[in-house]
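Heads up, the thing below is written out as C-alpha cells.
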Amino acid sequence: MAVTIRDVAKEAKVAPSTVSRVIGGSPKISDETKERVMEAIKKLNYQPNAIARSLANNSTHTLGLILPSEEEDLFKNPFFIQIMTGISVYAQKKGYYIMYAFSKNENEELKFIKNYTGSKLVDGVILLTSRTKDRCIEYLHEINYPFVIVGRPENTENVLWVDNDNFQAMYKVVSYLITKGHRKIAYIGGPEELNMSKDRLDGYKRALQIHGACIKENLVIQKKDFTEECGYEAMKEILKHNTPSAVVTTDDLLAFGANKVLREMKLKDISLVGFNNTPLAEYQYPSLSSVDINANKLGYYAAKILIKKLENKELISNHYIVETNLVERESTDKVLSI
C-alpha cells in the first residue's frame with residue numbers, strides 16, 4: 001500500500017498541511033520541523049504526488065524543451081542528444097522534469113510555445129536556436145514568460161542565454177589552417193538566418209582578412225540544414241569552380257558529407273574540419289578534426305540559469321560562454337609549404 005502524506009505527518013508528529021508546506025519549500029516552517037519531516041519522508045520512502053504539488057505551489061517543476069528538428073533527426077545528429085543530456089543532468093539534480101517538442105520550422109516552434117505557456121504545462125522554456133528577428137523570443141518576451149536560449153540572441157538585454165564564442169572559435173580554426181600553409185580555404189555553413197551561422201562566417205572572413213588571404217565568394221556555401229546530404233551537395237558545388245586546400249564546416253554532419261565527396265573523387269590532399277566534435281567524428285576515414293563546443297555544458301548551464309531564475313536565486317550574469325577547443329585528427333594532417 002502506498003505511503004500517504006498522512007503517514008508522513010503521523011511519523012513526524014505534525015499536521016498533513018505542515019508536510020505539504022515543507023514539500024512546497026515554504027519559508028514559514030522552522031528548520032527543526034523541516035528536518036523532522038524530511039527524515040520521515042526518507043524513512044517511509046514517500047513519493048509526493050507531482051500533480052497535487054503543482055496545483056498547491058502553482059508550479060509544475062517541468063521545463064519545456066523545443067528541438068528544432070523532426071523526431072528522426074534526433075538520432076542522426078548527436079548534438080541534440082548531448083545538449084539534452086546536459087539539460088537533463090542539471091534538471092534532475094534540482095528535481096525538475098523535461099517536456100520535449102519537435103518542430104520542423106519557426107511556425108511550429110511558436111505553436112508549441114503558445115501551447116506550453118497558455119496551458120501552463122511548464123514553468124520555463126528552453127530554446128535551442130536563435131534566429132534573426134526570432135518570433136519565438138519576441139513572443140516569450142511579450143508575455144514575460146521565463147526562458148533561456150542556447151545561442152546568442154540579437155538583443156541580449158534581459159534575456160537568459162548560453163553559447164560559445166562562435167566568432168572566435170571559427171577565427172582560431174581558420175588561423176590554425178593558415179599557419180599550416182593553407183590559403184585557399186572553403187567554408188560550408190548551415191542556415192544563414194541563425195546567429196550562430198553569422199558569427200562563424202564572420203570569424204572565417206575575419207581570419208582570412210587578418211592573415212592577408214583572399215575571400216572568394218565561390219568558396220563559401222551556406223545550406224538550409226545541417227545534414228550530411230547538404231554537406232555533400234555543397235562540396236560538389238565548391239569543386240565545380242575551385243579546388244581548395246582546406247574546408248571548414250559549421251557542423252560535423254556537413255563535414256561527413258564533404259568527406260564523402262573527397263573520398264569518391266580520391267582527393268586526399270584537402271584538409272577538413274568539422275564542428276561539434278560528435279562521437280562519430282573520430283570514426284570517419286580519415287578521422288575528422290573537429291571543434292568541441294562542449295554541448296553537454298551548453299545544456300547543463302542552460303538548465304542551471306533558467307532554474308535559478310525560476311527559484312528566484314541571484315544571477316551574477318544573464319549568460320554563460322562555454323569554452324571550445326579544436327580536436328586535431330587525421331583530416332588536418334596535411335602541412336603545406338608557405
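A short reminder: the numbers here are calculations on the coordinates, not readings from a lab. What you are looking at is a predicted structure, and each value in this text was computed from that prediction instead of being measured. Reconstructed Cβ throughout: ideal geometry from the backbone, glycine too, with neighbour counts over all protein chains shown.
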Fill in: Restricting the range 127-179 to trypsin sites (Lys or Arg not before Pro) in coil, as DSSP defines it, with at most 14 other Cβ within 10 Å
LYS133
Discussion item. At 7 Å along Cα-to-Cβ for each site, give me the label-to-label distance between ALA2 and ILE81 in nm.
Written reply: 3.4 nm
Response to the item:
Taking placed amide H atoms and a strict 5 Å upper bound, the residues 5 or more places from GLN222 or on another chain that come that close are GLY189
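On a 23 Å Cα-Cα criterion, which of the cross-link pairs LYS13/LYS34; LYS114/LYS309; LYS198/LYS240 come out too long?
Numbers: LYS13/LYS34 12 Å; LYS114/LYS309 20 Å; LYS198/LYS240 25 Å.
Among LYS13/LYS34; LYS114/LYS309; LYS198/LYS240, the Cα-Cα distance tops 23 Å for LYS198/LYS240.
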Worksheet item: Of the chain, which part is the longest with no GluC sites (Glu not before Pro) in a loop (DSSP not H, G, I, E, B) and with at most 16 other C-beta atoms within 10 angstrom?
Response: 194-310
Worksheet item: When Lys and Arg each count +1 and Asp and Glu each count -1, what net charge do the other residues less than 9 Å away from CYS136, Cβ to Cβ, add up to?
Response: -2
Item to complete: Would you mind telling me which residue in LYS266, LYS34, LYS43 has the biggest mean-square fluctuation in a Gaussian network model of the chain, where springs connect alpha carbons within a distance under 10 angstrom?
Response: LYS43
Worksheet item: If each residue's Cβ is checked for other Cβ atoms within 10 Å, how do MET99, MET235, MET196, MET84 rank with the fewest at the top?
Response: MET99, MET84, MET196, MET235
Discussion item. Quick check: convex hull of the Cα atoms in the range 88-132, volume per residue, rounded to a whole Å³?
Written reply: 87 Å³
Response to the item:
In nanometres, the difference between 0.36 nm per residue of separation and the alpha-carbon distance of ASN115 and SER317 is 69.8 nm
Worksheet item: Okay, helix-only estimate at 222 nm for the chain: each DSSP H run of n ≥ 4 adds -39500 (n - 2.57), divide by all residues, round to 500 deg cm²/dmol; what do you get?
Response: -14000 deg cm²/dmol
Worksheet item: Given a cut-off of 29 Å, what percent of all Cα-Cα pairs of the chain lie beyond it?
Response: 47 percent
Worksheet item: Dipole of the range 240-284 (Lys/Arg Cβ +1, Asp/Glu Cβ -1, origin at the Cα centre): which of TYR283, ALA246, MET265 lies farthest to the positive side?
Response: MET265
Discussion item. Between the range 252-287 and the range 138-180, what is the separation of their alpha carbon centroids in Å?
Written reply: 26 Å
Worksheet entry | Label-reachable residues, the range 220-253, where backbone N falls under 17 Å from a point 7 Å from ASP269's Cα toward its Cβ | 239, 242-247
Item to complete: Please work out, to two decimal places, the log10 of the ratio I(q)/I(0) at q = 0.14, 0.22, 0.25, 0.26 Å⁻¹ from a Debye calculation in which every Cα of the range 128-191 carries one identical scatterer.
Response: -0.56, -0.91, -1.07, -1.13
Item to complete: Between beta-carbons, use under 15 Å as the cut-off and find the net charge around MET265, counting Lys and Arg +1, Asp and Glu -1.
Response: +2
Item to complete: Just tell me which aspartates and glutamates come within less than 16 Å, Cα to Cα, of LYS268; anything on the same chain fewer than 8 places away is out.
Response: GLU330, ASP333
Discussion item. Using DSSP H assignments, which helices in the chain have an axial alpha-carbon span of 30 Å or above and a mean Kyte-Doolittle hydropathy of 1.0 or higher?
Written reply: none
